[in-house]
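The values are calculated or read from the model by the stated rules, or taken from the named source; none is laboratory data. This is a predicted model, so every value here is computed, not measured. With ideal geometry, Cβ positions are generated from the backbone for all residues, glycine too; neighbour counts draw on all protein chains shown. SASA here: full protein model, heavy atoms, side chains in, ligands and nucleic acids out. Shrake-Rupley method; radii C 1.70, N 1.55, O 1.52, S 1.80 Å.
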Amino acid sequence: MTETVAGLLVALGIGLLIGLERERRKLDPSFGAAGGVRTHAVVALSGALAMQFTGLLLVAVGAAFIGALVVVAYWRDRSPDTGVISEVTLFTTYLLGAYATVQPALAAAIGVIVALTLVLREALHRFVSRTLTQREVLDVMLLAAAVLVILPLLPDRAIDAAGVVNPRKVGQLTVLMLGINALGHVALRTLGPDRGLPVAGFFGGFISSVATIGAMGAKARAAPGLLDIAAAAALCSSVATAAQVVLVVSVANPSLVKGWLLPAALMAAIPAAAAWWLWRRSAAARDGKGVEPMESRAIQPFHALAFSVTVTAMTVLAAWLALRFGDSGAQLGIGVGGFVDAHSATASAAVLAGQGALTDAQALQAILWALCANTLTKLVVAYATAGYAYLQRLLWPHLAMLAAAALVLLA
């Protein structure tokens, strides 16, 4: 009886919520609206009541009846609006009312999403038609295909002789990389480049901290007055690296996260504090100066593909080194891989620990070695792009964050 009452109440709530929006829409004569609060509430309750009878025949009859009413409502509608959203919404309300007696929580969540979609109609249309570019629409489709089509098809088991390469796990890491790239792109588009290089540096670090440091170094060389703020942005990219390592580890091997949280916090806090200090020092130089727009793309498919290939290759190499030379060989392989990509090396260490090829302590040490190697790459790039002054601003924060993480792991 309690479940039945809960289902009926949820159905009524869904009908009232969607009907409230439809009632408001009816006030504008330029839009058609099939039913208001009363209609949607009664339709949702009719769906819930139909589910109380044995079998689904009455539910099907009710759906056919509501469908006929929808067709009639669309035929009689004389408003300038030629869409069918009002009629489809009425039918959806009936289905949600019926589903509320089976899964009330999920039905309620879907009802809220439907209502929000209706309320945000103009904002969504404006966002799609005016804000999104054609490339961004393509990127959204690529991300959806990766999540909904490709990822479910990947086998969730090891496919190599060493038993360390799991296509589903590699796919999850790749989707994570794509999602982080998209998040950074959205933030840059929303905030705008004139909010300062540190924002761009932070989100650029999720894509490639080494590349971001190089890009900021090029800006510092072109405009020496922006040296401090460019260095602050470069340090912000290392903050993103520390955050992304935690995300990668949490996907590849969640059991390692607890042991890496404190080192990661220190590796994020130290460059963040240094970046804040440089940002404050450069405040006078930034007054009245805008920042040139930075090119960005929501989805980096080739970068994600390279990441997947690198993760797989490094995992296999580290497993082979472990078989050939023991645990020290695997740690060496991961550390060397950090010169190319710290996140791939991190994923490899986490995967090997999950497969039992490394202990958790050895995996954490391997991640630290990979980050040390990647930091060396960053510093070389910094000197090559903007010289000693730029390198000097990045050197001590990076060395301090590595030393702090090493002390925590040793302790």
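Evaluation of Val164 against the conditions (1) modelled with pLDDT of 75 or more; (2) not in a helix (DSSP H, G or I) shows that the sole unmet condition is (1). I need every pair where a residue in the stretch 52-64 that is under 15 Å from Phe91 (Cα atoms) has its Cβ under 9 Å from the Cβ of a residue that is of a type outside the set (A, V, I, L, M, F, W, C), sequence separation at least 6 or different chains. Pairs that qualify, where the first residue is under 15 Å from Phe91 (Cα atoms) and the partner is of a type outside the set (A, V, I, L, M, F, W, C), are Val59/Gly47; Gly62/Ser46; Gly62/Gly47; Gly62/Tyr94; Ala63/Gly47; Ala63/Tyr94. In the stretch 211-234, the residue that is nearest to the chain's Cα centre (by Cα) out of those that are of a type in the set (A, V, I, L, M) and more than 18 Å from Ala274 (Cα to Cα) is Ala211. Of all residues in the stretch 362-383, which are surrounded by fewer than 22 Cβ atoms within 10 Å (Cβ to Cβ) and without any contact (Cβ under 8 Å) to a residue 40 or more places away in the chain? Within the stretch 362-383, Gln362, Trp369, Cys372, Ala373, Leu376, Leu379, Val380, Tyr383 meet the criteria.
Being aliphatic (A, V, I, L, M) and either outside any helix (DSSP H, G or I) or surrounded by 12 or more Cβ atoms within 10 Å (Cβ to Cβ) (or both): is that true of Leu148 here? Walk me through it before giving the result.
Values: aliphatic (A, V, I, L, M): yes; either outside any helix (DSSP H, G or I) or surrounded by 12 or more Cβ atoms within 10 Å (Cβ to Cβ) (or both): no.
Taking the combined requirement at face value, the residue does not satisfy it.
Contact map, the stretch 2-13: residues that are surrounded by fewer than 17 Cβ atoms within 10 Å (Cβ to Cβ) paired with residues that are among the hydroxyl-bearing types (Ser, Thr, Tyr), Cβ distance under 9 Å, separation 6+ or inter-chain. Pairs shown: Glu3/Thr101; Thr4/Thr101; Ala6/Thr101.
For the stretch 203-217, the tally of residues that are open to solvent by less than 10 Å² (accessible area, probe 1.4 Å) and among the small types (Gly, Ala, Ser) stands at 3. Applying the set (1) under 16 Å from Gly205 (Cα atoms); (2) modelled with pLDDT of 65 or more to Met294 leaves exactly one unmet item: (2). Quick test for you: out of Arg38, Arg22, pick the one residue that is surrounded by fewer than 19 Cβ atoms within 10 Å (Cβ to Cβ), modelled with pLDDT of 80 or more and of a type outside the set (A, V, I, L, M). After applying the criteria, what remains is Arg38.
If you check Leu96, Leu118, Leu69 for being in contact with a helix residue (DSSP H, G or I) (Cβ under 9 Å, 6 or more places away or on another chain), at pLDDT below 90, open to solvent by less than 40 Å² (accessible area, probe 1.4 Å) and part of a helix (DSSP H, G or I), only one passes: Leu118.
Suppose we keep only residues that are touching a residue at least 60 places away in the same chain (Cβ under 8 Å) and surrounded by fewer than 16 Cβ atoms within 10 Å (Cβ to Cβ) within the stretch 385-401. Which one would you say is nearest to the chain's Cα centre (by Cα)? Ranking the candidates gives Trp396 first. Counting only helices (runs of 4 or more DSSP H) that sit completely within the stretch 326-411, those holding 3 or more residues that are at pLDDT below 85 and closer than 17 Å to Ala264 by Cα correspond to 342-355, 360-410. The sole residue among Leu261, Leu256, Leu266 that is modelled with pLDDT of 85 or more, within 27 Å of the chain's Cα centre (by Cα) and more than 20 Å from Lys378 (Cα to Cα) is Leu261. Name the pairs: first residue in the stretch 267-291 and aromatic (Phe, Trp, Tyr), second residue assigned to a helix (DSSP H, G or I) and modelled with pLDDT of 60 or more, Cβ to Cβ under 7 Å, at least 6 apart or on different chains? Matching pairs, first to second residue: Trp279/Pro198; Trp279/Ile229; Trp279/Ala232.
Specify which of the listed residues (Ser250, Ser237) is crowded, with 24+ Cβ neighbours inside 10 Å, under 21 Å from the mean Cα position of the chain (by Cα) and modelled with pLDDT of 80 or more.
Details: Ser250 fails: crowded, with 24+ Cβ neighbours inside 10 Å.
Among Ser250, Ser237, only Ser237 is crowded, with 24+ Cβ neighbours inside 10 Å, under 21 Å from the mean Cα position of the chain (by Cα) and modelled with pLDDT of 80 or more.
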